[in-house]
Every structure is written in structure tokens, then in C-alpha cells.
Amino acid sequence: MSAKRRQRTPNGKKTPVTTDLNATYTPPPTAAKSPQGPESAKKAKLTAIYAALNSDPVDVAALRKLAISRGGLLTDEIRRKAWPKLLNVNVFDPPPKLKMPIEEHRDYNQVVLDVNRSLKRFPPGMQDEQREVLQDQLVDVIVRVLINNDQLHYYQGYHDIVVTFLLVVGKEKSFSLVDKLSTHHLRDFMDRTMDRTKHMLNYLLPIIRKANPKLHDFMERSEVGYVFALAWLITWYGHVLNDFHSILRLYDFFLACHPLMPVYLAAAIVLEREADVLAVECDMAFVHSLLSRIPDNLPMEELVIKAGDLFVQYPPHEMAKEAQLQYNKSSAITKHKELEGNLRGQRPDTVLRRLQGQAGGQAQAGSKQSNRVVKVAVWAISAGIGAAALAVLNSAMEFWV
Amino acid sequence: MEPGKEQANGRGATDPNDKNRRIFKIIVIGDSNVGKTCLTYRFCGGEFPEKTEATIGVDFREKNVTIEGETVKINPIIKWHLSLVCLPLQLQLWDTAGQERFRKSMVQHYYRNVHAVIFVYDVTKMSTFESLPTWIDECDRHSLSPDTPRVLVGNKCDMADRKVVTSGIAQKFSDANNMPFFETAAKLEEEGDKINNVFMTLAHKLRDHKSMMPPPFDEADSRDSRGKSIKLRPNKAELDGDDDQPSDSSCAC
Ligand SMILES: Nc1nc2c(ncn2[C@@H]2O[C@H](COP(=O)(O)OP(=O)(O)OP(=O)(O)O)[C@@H](O)[C@H]2O)c(=O)[nH]1
Ligand SMILES: [Mg+2]
């Protein structure tokens, strides 16, 4: 069965259009509050980010902290530099050779159907031709990653994640980032079945129970389950938030964190909406309907902090014990530990580019493992730091840096 | 199946605060991209969504309607009698994701307590028609009673030149499976009534359905009850953010 790639003009000709999206689309800067005034705080944060990026080896611990703290990584230019470091990806590595034409991949048809319907994910003002070029690229990136990792299966919603990377870092870099992400944070979603996705969602209600037993009790009685949060988790909120900016800010956060962080954010969102939830009839339909729609005006920065609080207070391994979940069942989680170990010792881009020019391009140059891991910065990933660090974290989060 | 005359009232909404409206839960299933989201969206009062997206998991939509029906009235002298009135109904639609991985694990929860099923296929794509037996099995596996009302919908009829599933073969299939059959085009403006018919046919089947029929007089809820299998819902709060709700709240009977 051969699916048409995309419905094009009758002659099927592709319009040559500039594909450098970044030249035409720059999201407005995030507004921020800070005691010193937003501008100077932002400047200070920018300086800190560049310092982390340019130190050799790259100060990943600081970068993570900056990605988590208020406003995230601030600009797309920074994201293009920092996201690869957060994932330990060397964007100067040449992409692997394709093992088959993309049209022959088993998930190709579904990918095309979904990408064709993804118009909402592109900036509203964008020209059709430009969008179509990007949609073609989106199909391309997705299927190339799938071909490169035969064990991965496409799911509806994966395209919502990949489009975010495509819009920010462009086609080539998004391949390497998504390739890595798919074998780590997103790994459990990409099994043949959704059993391990369910497993991750199984953390949601127990977290809510810990934080607010009354709300939990109501939700349990309504039999709402957790499917309302499915799209949140497996698209990293890309499918459900209207504001592209908030999505990027959350991606900064999630890239710096444990793979379960999107579930903690889901808990934070539900807790935030307690009053709304308790006001509807205690019935699956009404609670599902209310929760599945995320209002535009939620205080996202506060929710990020709240999610971090929840993570520190009720870390995954403890929740797992309590909810009788098998913590290590998730390969997103076990792979994350591995990624953790490899994050340090990355070279700054200036060095990588130079090395790439030289024979062999030994990107993973050995490094003296620095002890620069600031504990507070990694609160989100090393669960064991306890409540004492929480206070520090909270005050740190009030500021840009 | 010929729709009854009161189906023209399908667009008429009931008073959302009517405490006595009954709730029917309907699940909409079928392969990915056949138009389930577009159909439910249109029925619930929206126009054809130009920017529909793949459904992830399950989406919920609802619409309040009225149908003509008999109801139990309390009469102080003869205790009770049947009379013809407008029955306020709320149709709750569960719009499910078509991709196999979702149906296998995420959608199960939503088969519980459903009153009716809508099967959708795409008339321009044979594989979506050929999947129908799998979808029917799926329902059976979720132990829906065999007499749960079902309808079959062939969508995208506007693309006549690309139609590959003929009306004849689909009709035969629906007869064999004992369900009414409709062909629709969610995309066409003028198809609104037809789309309404699909849902209103179900509403009527539900009204007439044996298991929906209570004993004529129910002590527990003596004002206007049709029995226990249907939940009466006091409407505490209107649902937040559901802009699909029709604003017209007059009874059209
Ligand atoms: N020509 C035509 N296109 C339609 C019609 N109904 C839906 N479509 C298109 O078909 C595509 C799929 O529609 P959806 O409603 O998203 O399909 P779905 O069944 O909900 O798909 P999943 O959510 O993936 O299960 C969209 O691009 C619609 O624009 C129709 O009646 N005619
Ligand atoms: Mg859909």
C-alpha cells in the first residue's frame, strides 16, 4: 500500500523556499519578574548561560540549573547551543546513513497522516509553502530516527515533540537531538505497546494522593483515571499548550530533568486546579473533560517550581515503593542514570568545531571529571537530596540565576 | 433506518440546568484519520475543523438535545400516567484515537458503561472498512452487551471520485451486523442534518432500548424517572472550556 506523501499542488512540484526558519521566526522574549528588574536579571542570566556553555568542559550542572530556573534558557539561539549539551549530543557528528528509503518504513503512513494534520503546531503567520517544506522535513526527521533505531515504534503525539525541535534547532540538529531523546526520555513511549507509558502514568495519582488526599479521593471516586494526562506526558505538553513559548520553556525544564518530571508537572497542574475539579460532578466524563483542557492562563513558572517541589518531596523511587510500581521497569529511567553519568566532560562547541576539522574529530575528549556538580542544580535528577535542599531550591528559583 | 420526525430537533438544545436530563454515553471508534474527530466536532455544534489534529488517547465532547418521548408523570389522583413530552438528553461522546497502540491499552477504560457505539470508516480507503471486524471484536472483548445499539458510518463521501467502498457492500455489512448505516461527509456544510441523524438515530434507539426501560414507576426518583440504568445528573456546574455547547437552550419539541 503506498500512501501519498502529502497532498501537493497537482503537478507535485515542491516550491523552493528558504528552510531557515530561524531567520523568519523568532518568538518574543519571555517576560519575567525579578527584584532587580527583568532586564538586568535577564542579562545576568544570559551571562551565566554563556559562561557555562563556553567553559571547557561545559558546565552542564550549571546549564541544567539555568534551564530549570525561571524563564528557562531564554532564547532559541541559546537553546540551539544548550539542548545538545543537556543531552550529551555532538551535533558535529555526521548523521548515520539511512538503511532504507523512508517511504518503506512501517510507520511512514501514520507519520504522514499525523504531520499533515499538524498545522496548529506551526507559527500562525507562516506562509503555506514554508510550512509545507517544514512538514516534509518533519516527516523526514521522524522516519529517519525510526529507521536508525529499529526497536522504536512511532506513536501519535511523537510528531508534536519532534516539531518543537525542528522549529528551534532546524532539521539536521533535530535529528541528532531527537535520536538521543527517543532512546532516553521518550524510550518507554516507543515500545510496541503502551504498557510502560501506563507505568509512568501510574505515578500520577499516588503523587496527588501524597500532596492532597482530599483531591485524590475525589478523583478516585470519579474514576477519571489518568488518560487525561496521556497527551501531556507523551508530547511533553506540545500537543496541549497553545503558547509555543510555554512549550519551549517546559522543554528546557524537561531536558534538564528526570524522565518522570512531566508526570510531576501533571500533578502540579491538577493540584493547582483543585477548586475547579472539586466543583464539577464527581463523574469520569466531567472530571476528564475539565482536566484534559489546560487553561491558557496557568502560572507556568510557579508550576515548574511546584513540580520540582513534588519531585523532591516524593521522589520516584519512594513513590514506586508506595504505589507498588517497579521503578526499574522503565528504561527511560534506567537509561537516564546512564546519561547522567555521561553528561560531564563535554567540550564547548568552539572546541568541537575545531576538532571536527582535524582528523578523526575526537569529540569525546577525556576530561578530568569535575566536581562542579552543584547539588542544588541537580535536585531534579538526584532525588535523594531531601527537604533541606528544598528551601535553597525555592529561593534560588525566585531569581533568574 | 428512517429517522423519526423529531430528529429535526436534534439541533435544539435542552436547558443545561435541567436536572432531569438523561445521559447517554457513546463511544466513537474506527481507524486513524477516518474523520471521527471531525464528525463528533460537527455534531457538537462546531463547524468543520480546518485544523484537526490526531487524537491522543481519548477526547470528550458533549451535546444536549431533546427527543420526543413518553415519560412518567405523577398525577395526584391516578398516581401516575404516561404522557408525551420533550425528553432532555445529554449525549456524551468519547472520541477515541485510531492508532492501534492506543486502542489496545488506553481506550479500554472508556468502554465501560457506554450505551452505544459508532463505528466509522473512510469510504476512500478500503483498509479502514476492512478493519471493522477487528473493531467489532474489540467491542465484544470489552463485554459490551450484544444488544448495545451500534451504527456504522462511512465518512468522506464528498470525495466521490475516490470512493472505493461502495454503498452496497457497506450496507450488506451493516445488515449482517444488525446496525443502521449512514454515509456522511463531515467536510460538507450541507451535511449537518445528516450528521445529526447519525447521533439522533442512536438517541432514539437508546430511548426505545429495552434495558433502558425502567419499571413504570420508580419510588426512588418519582418525578420523572426512566430507571436505574440511566443516571440522572443534577447539573451542578457547567463544564469549563467546552465551547462546543450550543447556546440555544429552548426546547424544540
Ligand atoms: N474530504 C473529507 N475529508 C475529511 C472528512 N472528514 C474528515 N476529513 C479529513 O480527514 C482527516 C482526518 O480527520 P480526523 O477527524 O482527524 O480523523 P480521526 O478519525 O479523528 O483520526 P485519529 O484521531 O487519528 O483517530 C482530516 O485531515 C480531516 O480534514 C470528510 O468528510 N471529507
Ligand atoms: Mg481523532
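Can you confirm whether A:Leu265 is more than 14 Å from chain B (Cβ to nearest Cβ), open to solvent by less than 10 Å² (accessible area, probe 1.4 Å) and at pLDDT 95 or above? Steps first, answer last, please.
Values: more than 14 Å from chain B (Cβ to nearest Cβ): yes; open to solvent by less than 10 Å² (accessible area, probe 1.4 Å): yes; at pLDDT 95 or above: yes.
Yes.
The number of residues in the range A:273-292 being more than 8 Å from every other protein chain (Cβ to nearest Cβ) and polar (S, T, N, Q) comes to 0. May I ask you to list the residues in the range B:101-116 that are more than 16 Å from ligand 2 (Cβ to nearest atom), outside any loop (DSSP other than H, G, I, E, B) and within 17 Å of the chain's Cα centre (by Cα)? Matches in the range B:101-116: B:Tyr111, B:Ala116.
So that you can scan it fast, the table gives a plain yes or no per residue for (1) within 14 Å of chain B (Cβ to nearest Cβ); (2) in a helix (DSSP H, G or I); (3) open to solvent by less than 10 Å² (accessible area, probe 1.4 Å):
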| residue | (1), (2), (3) |
| --- | --- |
| A:Leu152 | yes, no, yes |
| A:Ile161 | yes, yes, yes |
| A:Val169 | no, yes, no |
| A:Lys180 | no, yes, no |
| A:His185 | no, no, yes |
| A:Asp188 | yes, yes, yes |
| A:Met219 | yes, yes, yes |
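The residue of the range B:181-192 that is nearest to ligand 1 (Cβ to nearest atom), among those that are surrounded by 12 or more Cβ atoms within 10 Å (Cβ to Cβ) and in a helix (DSSP H, G or I), is B:Glu191.
Scanning the range B:122-165 for residues that are closer than 23 Å to B:Glu190 by Cα and in a helix (DSSP H, G or I) turns up B:Ala160, B:Asp161, B:Arg162.
Mind checking which residues of the range B:154-180 are more than 16 Å from ligand 1 (Cβ to nearest atom) and crowded, with 17+ Cβ neighbours inside 10 Å? Listed by number, the residues that qualify are B:Phe173, B:Ser174, B:Met179, B:Pro180.
If the condition is being within 24 Å of A:Phe228 (Cα to Cα) and hydroxyl-bearing (Ser, Thr, Tyr), then the range B:99-149 contributes B:Ser105, B:Tyr110, B:Tyr111, B:Ser143. Considering the range A:242-262, and only residues there that are over 12 Å from the mean Cα position of the chain (by Cα) and touching a residue at least 60 places away in the same chain (Cβ under 8 Å), the residue that is surrounded by the fewest Cβ atoms within 10 Å (Cβ to Cβ) turns out to be A:His245.
Checked against (1) within 16 Å of ligand 1 (Cβ to nearest atom); (2) at pLDDT 85 or above; (3) of a type outside the set (Phe, Trp, Tyr), B:Gln90 meets all criteria but (1). Checking A:Arg121, A:Arg131 one by one, the residue that is within 12 Å of another protein chain (Cβ to nearest Cβ), surrounded by fewer than 23 Cβ atoms within 10 Å (Cβ to Cβ), charged (D, E, K, R) and under 18 Å from A:Gly238 (Cα atoms) is A:Arg131 and no other. From the list A:Arg64, A:Arg106, A:Arg144, the lone residue that is within 14 Å of chain B (Cβ to nearest Cβ) and either crowded, with 24+ Cβ neighbours inside 10 Å or over 19 Å from the mean Cα position of the chain (by Cα) (or both) is A:Arg106.
Only a single item in (1) more than 24 Å from A:Thr334 (Cβ to Cβ); (2) open to solvent by 30 Å² or more (accessible area, probe 1.4 Å); (3) touching a residue at least 12 places away in the same chain (Cβ under 8 Å) is not met by A:Tyr226, and it is number (1). Restricting to the range B:132-153, name every residue that is within 16 Å of ligand 1 (Cβ to nearest atom) and open to solvent by 20 Å² or more (accessible area, probe 1.4 Å). The one that is within 16 Å of ligand 1 (Cβ to nearest atom) and open to solvent by 20 Å² or more (accessible area, probe 1.4 Å): B:Thr134.
Flag not set for A:Arg70, criterion: open to solvent by 20 Å² or more (accessible area, probe 1.4 Å), in a loop (DSSP other than H, G, I, E, B) and within 14 Å of chain B (Cβ to nearest Cβ).
Results for (1) out of contact with any helix residue (DSSP H, G or I) (no Cβ under 8 Å at 6 or more places or on another chain); (2) modelled with pLDDT under 85; (3) away from ligand 2 (no atom under 16 Å from the Cβ), shown as yes or no for each residue.
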{"residue": "B:Ile29", "(1), (2), (3)": "no, no, no"}
{"residue": "B:Gly35", "(1), (2), (3)": "yes, no, no"}
{"residue": "B:Cys38", "(1), (2), (3)": "yes, no, no"}
{"residue": "B:Thr52", "(1), (2), (3)": "no, no, no"}
{"residue": "B:Gly57", "(1), (2), (3)": "no, no, no"}
{"residue": "B:Arg61", "(1), (2), (3)": "no, no, no"}
{"residue": "B:Ile74", "(1), (2), (3)": "yes, yes, yes"}
{"residue": "B:Gln99", "(1), (2), (3)": "no, no, no"}
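Each row is one residue, and each column tells you yes or no for (1) farther than 24 Å from A:His199 by Cα; (2) over 19 Å from the mean Cα position of the chain (by Cα); (3) assigned to a helix (DSSP H, G or I); (4) among the hydroxyl-bearing types (Ser, Thr, Tyr).
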site	(1), (2), (3), (4)
A:Leu271	no, yes, yes, no
A:Ser289	no, yes, yes, yes
A:Leu298	yes, no, no, no
A:Val304	no, no, yes, no
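The single condition from (1) away from chain A (no Cβ under 14 Å); (2) touching a Ser or Thr at 6+ places or on another chain (Cβ under 8 Å) that B:Asp140 fails is (2).
If you filter the range B:117-139 down to residues that are within 16 Å of ligand 2 (Cβ to nearest atom) and more than 18 Å from the chain's Cα centre (by Cα), you find that the one that is nearest to A:Arg196 (Cα to Cα) is B:Ser131.
The values are calculated or read from the model by the stated rules, or taken from the named source; none is laboratory data. Predicted model only: the values in this text are computed from it and were never measured. Neighbour counts are summed over all protein chains in view; Cβ atoms, including those assigned to glycine, are modelled from backbone coordinates with ideal geometry. Accessible surface areas use protein heavy atoms only, side chains included; no ligands, DNA or RNA. Shrake-Rupley method; radii C 1.70, N 1.55, O 1.52, S 1.80 Å.
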